[in-house]
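The values are calculated or read from the model by the stated rules, or taken from the named source; none is laboratory data. It should be emphasised that the depicted structure is a prediction, and the values quoted were computed from it without experimental measurement. Neighbour counts are summed over all protein chains in view; Cβ atoms, including those assigned to glycine, are modelled from backbone coordinates with ideal geometry. For the accessible areas, the whole protein counts, side chains as well, though only heavy atoms, and no ligand, DNA or RNA atoms are used. Shrake-Rupley method; radii C 1.70, N 1.55, O 1.52, S 1.80 Å.
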Amino acid sequence: MAGRFEILKDNDETYRFRLTAADGTVVAESPTFRHLEGVIAGINAVRENAATGLVVDRSTAARKAA
């Protein structure tokens, strides 16, 4: 079973989404959105960009600077 996006409505009438793995582990959680359309657009952006996104390891640069 694949992961899933859960849309949540907070007490202050804002929305957010949570991406969970098949075992229920929370993988990512979004910032809040004022409107449901915004949270749906956020989910679509994650879907579109996650599959093609590059992995950039910035931890190496941080170790060199220290």
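Things worth noting here:
- Solvent-accessible surface (1.4 angstrom probe) belonging to residue 25, in square angstrom, nearest 10: 70
- In a DSSP loop and with at most 14 other Cβ atoms within 10 Å, the GluC sites (Glu not before Pro) in region 1-48 are 13.
- Springs between Cα atoms under 10 Å define the GNM used for the chain, and in it the highest mean-square fluctuation of 19, 36, 54 occurs at 54.
- Between the listed residues 2, 44, 60, the Cα displaced farthest toward the positive end of the dipole of the chain, a dipole computed from Cβ unit charges relative to the Cα centre, is found at 60.
- The sum of -39500 (n - 2.57) across all DSSP H runs of n ≥ 4, divided by the residue count of the chain, sets its helix-only mean residue ellipticity at 222 nm to -10000 deg cm²/dmol.
- Cα gyration tensor, the chain - rounded (a/c under 1.5), prolate or oblate: prolate
- Net charge over other residues, Cβ less than 15 angstrom from the Cβ of residue 6 (K, R count +1; D, E count -1): +2
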